[in-house]
Structure formats: structure tokens, C-alpha cells
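The structure appears right after this line, and notes come after that.
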Amino acid sequence: MTSSERSLAKGSAAPGPVPEGSIRLYSMRFCPFAQRARLVLVAKGVKHEVVNINLKSKPDWYLELNPAGMVPTIQTSDGKIIYESAIVCEYLDEVFPGAKLIPTDPYAKAEQKMLLEAFSAVVPVFYQIVFAQKDNKDTTELKSQFLEKLKKLEEALAKKKTPFFGGKSVSFIDYMVWPWFERFSVFGLESLLDKTPDIKAWRDRMLHDPAVEATFTAPEVLLEFFKLYSQDSLDAVDYGLD
């Protein structure tokens, strides 16, 4: 894997063609949605390069690739463009060899999609807590709402009686939800895991997964990024680079 490291911003030249036999991921170092794609690329051993985009100052050429201007976006050597994180990850799993992360059994696949749908209700409340904290607002009620949604995932995991949401080994659903759990300690949500013991044990197992280790960002780095990003700093995306 290669990385452009520093983010490309408005006025930056577009990168050249994607090399044959590789894939290009347009990412942002601290974006949890982009981390989903990085997790899958690493887990499957897909040869790829990473081009980081400054989401507060997007190059015009990037908006031609993805009109929404979000990450992740992937580009193939034959010019295919795919975006939206879950769609990107499903495509990568279907197209590339290596361990299959999405079950072939239709019911098992449907189970994972239902879990992902349940998790999608958690994410907005997560961000409400984050921005309430930034504005020094009371988050007691929001944390209560967040815990109630988290408990639904706890029940699903307890019912399965497996180490991971997808079963005996890490799979698609585990990677889709992981990036937000990586950020729990940054935003004062760690204590909620004491009330969801199965998820807490899952979290501890996930920390030892090779793809998680390869894409992990230290909490103190994430926190400093977020402080800068919430102040509309154009340099936030490159925090920590020399």
C-alpha cells in the first residue's frame, strides 16, 4: 500500500491513472467511513494506494469523481468509480480474492445487513453527543438514547453466542461498525461499554485483529484532529504529519 499522506486540496493536480493491478482509495485519514474501506482492503490483502482528500477544501476534479464530495471513493485501473462506504466494501469483497467477508448463505448475509441497519441508528446519536460536547452542552439524555440503541446490538450479539457479530471470525459487519467503537474513548463513551459486556469483550477481541491494528489511530491523535476540525482548520486533516 502506498499513501499520498498529505491531503490534496482545492488547486491540487489530479493524480495520474491508477496503475494496472492496483486500486486507488480516496480517503481521509480520520474519517470512520473511509476507515471501513481501509479495513476491508487490508483484511483482503488488496494491492492499493491511498490518496487523502481535504474534505474542507476539495479539489474540483474530486467532485467530478464523486459529486457528493465524500469519502471513501475507489477508482479502478479501468476507470470504474464506486462510492458510499458499505457499497465500496461490498464491491471489494465480491471482486477481489482472499477471505470472503460477506457470508454466501442468504440468511447469514441478511442477518448482517439487518445488524448494519440497526447500527445506522446509532451513528447519528454518536455525532450528536460529539458536537454537544464540543459546545459544552449536557449530554446525559443523549448518552441515555445512545445506550438504548447500543443495547439492541448487545442483545443481538448475546443471542448469537459468538465472539464476533458475524460469527466465529471477523467479517463484514464487524468491520462496518468498528471505526465508531475505536472512537469511544475519545468522546467519553467508554464507560457505556460496562453496561454492554458482550460488546466490550468483542471490542477487546477486535483490537487484536490485523486489519484493525493496521488502520488504528491513537485516541489522543483523533482528539487533536477533532479539535482542529471543529474549528474549521484546513490543516486538521494532516494533523500529526511531519
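Brief remarks follow.
- Count - residues of the stretch 24-58 that are over 21 Å from F216 (Cα atoms) and out of contact with any Gly (no Cβ under 7 Å at 6 or more places or on another chain): 2
- Looking across the stretch 123-138 at every residue that is touching a residue at least 40 places away in the same chain (Cβ under 8 Å) and over 20 Å from the mean Cα position of the chain (by Cα), the one that is least open to solvent (accessible area, probe 1.4 Å) is identified as Q133.
- Residues located in the stretch 52-72, provided they are under 16 Å from the mean Cα position of the chain (by Cα) and free of Cβ contacts under 8 Å to residues at least 40 places away in the same chain: M70
- When D93, D105 are checked against the criterion of being closer than 30 Å to V18 by Cβ and either open to solvent by less than 20 Å² (accessible area, probe 1.4 Å) or without any contact (Cβ under 8 Å) to a residue 40 or more places away in the chain (or both), a single residue qualifies: D93.
- The residues in the stretch 185-210 that are open to solvent by less than 70 Å² (accessible area, probe 1.4 Å), in contact (Cβ under 8 Å) with a residue 12 or more places away in the chain and touching a Lys or Arg at 6+ places or on another chain (Cβ under 8 Å) can be counted, and the count is 3.
- For the stretch 211-242, the set of residues classified as free of Cβ contacts under 8 Å to residues at least 12 places away in the same chain and either open to solvent by 70 Å² or more (accessible area, probe 1.4 Å) or in a helix (DSSP H, G or I) (or both) consists of E213, E220, K227, L228, Q231, D235, D242, listed by residue number.
- Of all residues in the stretch 100-138, those that are hydrophobic (A, V, I, L, M, F, W, C), closer than 24 Å to V46 by Cβ and touching an Asp or Glu at 6+ places or on another chain (Cβ under 9 Å) total 2.
- When the stretch 20-49 is filtered for residues that are under 19 Å from Y229 (Cβ atoms), assigned to a strand (DSSP E or B) and not polar (S, T, N, Q), only Y26 remains.
- In the set S171, S120, S144, only one residue is surrounded by 17 or more Cβ atoms within 10 Å (Cβ to Cβ) and among the hydroxyl-bearing types (S, T, Y); that residue is S171.
- The residues listed here are Q75, Q112; of these, the one that is touching a residue at least 60 places away in the same chain (Cβ under 8 Å) and open to solvent by 10 Å² or more (accessible area, probe 1.4 Å) is Q112.
The values are calculated or read from the model by the stated rules, or taken from the named source; none is laboratory data. Bear in mind that the values here come from a model prediction, so they are computed numbers and not experimental data. Backbone-built Cβ (ideal geometry, glycine too); neighbour counts: all protein chains shown. Side chains included, ligands, DNA and RNA excluded: accessible areas come from the protein's heavy atoms. Shrake-Rupley method; radii C 1.70, N 1.55, O 1.52, S 1.80 Å.
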